[in-house]
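Heads up: the structure comes next, in structure tokens.
The values are calculated or read from the model by the stated rules, or taken from the named source; none is laboratory data. As the structure is a prediction and not an experimental result, all values here were calculated from the model. Don't worry about glycine lacking a Cβ; one is built from the backbone with ideal geometry, like all the others, and counts go over all protein chains shown. Keep in mind that these areas ignore ligands, DNA and RNA; they rest on the heavy atoms of the full protein, side chains included. Shrake-Rupley method; radii C 1.70, N 1.55, O 1.52, S 1.80 Å.
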Amino acid sequence: MNFENIILEINNFIAKITINRPNALNALNAATLNELSNALDLLKDDKKVKVVVVTGSGEKAFVAGADIKELANLNGEQGKQVAKNAHEKVFNKIENLNKPVIAAINGFALGGGLELALACHIRIASTNAKMGLPEVTLGLIPGYGGTQRLAQVIGKGIAMQAIFTAQFFDSAYAEKIGLVNEVVVLADLQTRAEEIASQIIKNSSTAISKAIECINLYNQPTIGFEKEINSFGELIGTNDYLEGTKAFIEKRKPNFE
């Protein structure tokens, strides 16, 4: 499939999606969201892909936000549909993808850009990164999951302050509050993302897929515990389980399918 606004590369079981609109600081317009949706659909069932890395082109921006020019002339019902489509076609797909998604935040991650990173399972940032949800300065609120995921990741109080003040976080503060897992210099960002991906690839993709499903229910503990119990049982007897336990007993590294 040919893309105009993203670059999709697959090497050594790692798929790299680069938002490629550098002249617009990689802002998310409708076409880019559609391409992201299509790419996620392709990767979901691709057995040559075990981890996905999402980043932005250039050195200035991961994604600087939604494309405000496209939103400027919408009415209320149209705005609601835009937000709903973004949730269903991109952000929820990322959060619930059956393989880990790593956000490599290489600059500005604002508005929809931070919401894109929040939907990913793991976030690492470069030292020059700036993050924030400035929607209230436009008379809006985050509409691509930001009000929910930011509070889940950094806590309700800090999320409220961030959204109400529209303040930007630098990468050091983002790491301090748990918004990102770690911070590295820009030159090392992609290498570090690939290092994390390579460590993940050594493990059972079947088990990791189940872990994603369970962890995503963490704020619904009753359902989450039940899901964990069932998933634990479902994994017993799978080929990966048999290989993993056999390798442990034989004191060797497992060779998962």
Item to check | Entry for mean projected area of the Cα convex hull in nm² (calculated from the structure that is shown) out of (1) 14.7; (2) 12.5; (3) 24.2 | outcome: (1)
Checklist entry - When all alpha-carbon pairs of the range 152-257 are counted, what percent fall beyond 15 Å? => result 75
Checklist entry - Quick one: if the Förster radius is 35 Å, what FRET efficiency do residue 12 and residue 77 give, using the C-beta to C-beta distance and rounding to 0.05? => result 0.15
Item to check | Gain upon complete extension [residue 186, residue 238; 0.36 nm per residue less C-alpha separation] | outcome: 14.7 nm
Next on the checklist: Nearest 5 percent is fine: what portion of the DSSP beta bridges confined to the chain is antiparallel?
Outcome noted: 30
Next on the checklist: In Å², and per residue, what accessible area does the chain have when probed at 1.4 Å with the other protein chains present?
Outcome noted: 53
Checklist entry - So who's got an amide H within less than 5 Å of the one on residue 105, skipping anything under 5 residues away but keeping other chains? H placed 1.01 Å off N, in plane. => result 124, 125, 126
Checklist entry - With all protein chains present, how much of the accessible area of the chain (probe radius 1.4 Å) comes from carbon and sulfur, to the nearest whole percent? => result 54
Next on the checklist: At 222 nm, what value in deg cm²/dmol follows for the chain if DSSP H runs of at least 4 each add -39500 (n - 2.57) and the sum is divided by all its residues, to the nearest 500?
Outcome noted: -13500 deg cm²/dmol
Next on the checklist: Using a Förster radius of 45 Å, what is the FRET efficiency between residue 68 and residue 45 based on their Cβ-Cβ separation? Nearest 0.05, please.
Outcome noted: 0.85
Checklist entry - How large are Rg and Dmax for the range 15-83 when only the alpha carbon atoms are used, in Å? => result 14.0, 43
